[in-house]
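Reviewing the structure listed below.
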Amino acid sequence: MRLFIDEVGNSDLDGSAEDDNVRYLSLTGVTTSVERHRRVFEPAAEAAKALIPGHTPQNPVILHRREIMQREKRFACLNDPELRARFDTALLDLIGQRKYIANTVQIDKRAHLNQYGVWHFDPYHYCLRCMIERYVLYLRRHKLQGDVWIEPRYKKADKKLKASYQRIWEEGTEHIPAKTVQAYLLSKDIKFAEKKTNTVGLQLADLLAHPSARSMRFVRDGLEPPNDFGTAVAQVLIDSRYARDPATGRIAGWGTKWLP
């Protein structure tokens with residue numbers, strides 16, 4: 001199995017105390033088998049990318065949500081309403097008709113800072129810890145093993161992330177002992193891969209991350225979501241793709257998790 005992770009936001013705590021634009025950080029994970037990724041996800045992604053002029057195996061289109069929504073760079077062609085409608089349908093087919101498990105862990109950094117003061121966890125690594133716990137428990141339930149892939153950020157942050165992941169593997173967490181983590185994670189090293197390498201799982205995580213995080217905030221704050229593509233993506237997750245409590249079907253705490 002493989003867990004692909006993408007983020008929305010950053011770890012800045014000081015700014016979150018006053019600025020609502022940087023208040024939240026979330027990690028979204030997509031869990032699927034390596035074989036399904038190769039056999040199912042890659043062809044489905046190709047079907048969507050083939051709609052974008054100039055896409056070839058040698059010069060592939062990389063699915064990046066911000067560029068798609070802003071119709072920038074290679075996605076400027078989506079200013080054509082007919083092409084945009086066909087492309088949206090292809091993306092929803094990729095998101096909704098393929099088997100995978102989605103999880104989003106989101107932290108309200110302002111609440112986190114107020115609750116813990118100087119004795120706080122790094123928000124990014126706090127979210128990662130919760131994400132890995134859910135992944136390991138999933139692997140244990142299904143008697144599987146897997147690894148974790150993520151897009152690199154910058155050298156210093158990646159070094160800290162690698163050390164944090166290794167610490168989870170070597171020491172476990174307060175909820176899962178190290179021997180359990182090591183039994184189900186194939187390596188103590190997290191795998192870095194850039195989206196430009198055309199790793200479809202990372203591109204899928206990118207497409208899901210913002211709609212999922214935004215939907216969680218709408219639900220928490222009792223707000224009506226807008227009628228847009230992001231809401232359509234979030235509804236697919238709610239209907240069929242978020243992880244659920246096997247006994248009750250509950251999503252909260254499984255497919256979605258709020259911190260602190």
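Derivation of every value follows stated rules applied to the coordinates shown; laboratory data play no part. Because the structure is a prediction, the values reported are computed rather than measured. Neighbour counts are summed over all protein chains in view; Cβ atoms, including those assigned to glycine, are modelled from backbone coordinates with ideal geometry.
Computed per residue of the chain from DSSP H runs no shorter than four, each worth -39500 (n - 2.57), the mean residue ellipticity at 222 nm is -13500 deg cm²/dmol.
Peptides 99-112, 139-152 ranked from most to least packed, by the mean per-residue count of other Cβ atoms within 10 Å: 99-112, 139-152.
A straight Cα-to-Cα reach below 23 Å connects Lys195 with the lysines Lys49, Lys73, Lys99, Lys155, Lys156, Lys159, Lys160, Lys162, residues fewer than 8 places away in its own chain not being considered.
Highest-first packing order for the peptide set 1-13, 22-34 is 22-34, 1-13, based on the mean count of other beta carbon atoms within 10 Å. For Lys188, the aspartates and glutamates whose Cα comes closer than 12 Å to its Cα, not counting residues fewer than 8 places off in the same chain, are Asp147, Glu170, Glu171.
Taking a virtual spin label 7 Å from the Cα of Leu92 along the C-beta vector, which residues in region 62-76 bring their backbone nitrogen under 17 Å of it? Under cut-off, by backbone N: 69.
Decide, for the chain, between rounded, prolate and oblate: order the square roots of the alpha carbon gyration tensor eigenvalues as a ≥ b ≥ c, take rounded if a/c falls under 1.5, and otherwise choose prolate if a/b is larger than b/c, else oblate.
Working: a/c = 1.58, a/b = 1.30, b/c = 1.21.
Note, shape of the chain comes out prolate.
Would you please classify the overall shape of region 111-192 from the alpha carbon gyration tensor, given that a ≥ b ≥ c denote the square roots of the eigenvalues, rounded means a/c under 1.5, and beyond that prolate means a/b larger than b/c while oblate covers the rest? Here region 111-192 falls in the oblate category. Each peptide in 52-62, 220-230, 205-215 gets a packing score, the mean of other Cβ atoms within 10 Å over its residues, and the list from highest to lowest is 205-215, 52-62, 220-230. In summary, the aspartates and glutamates within cross-link reach of Lys257, defined as a Cα separation below 19 angstrom excluding same-chain residues under 8 places away, comprise Asp6, Glu7, Asp108, Asp122, Glu133, Glu174, Asp206, Asp221, Asp239, Asp245.
Using only alpha carbon pairs under 8 Å that are at least six residues apart, calculate the relative contact order of region 2-259 and give it in whole percent. Write down the numbers at each step before the final one.
On the way: 364 pairs, mean separation 72.3, N = 258.
Contact order relative to length: 28 percent.
Summarised as an ellipsoid, region 164-260 has semi-axes of 29, 20, 12 Å, derived from the eigenvalues of the Cα gyration tensor scaled by 5 and square-rooted, with the largest first.
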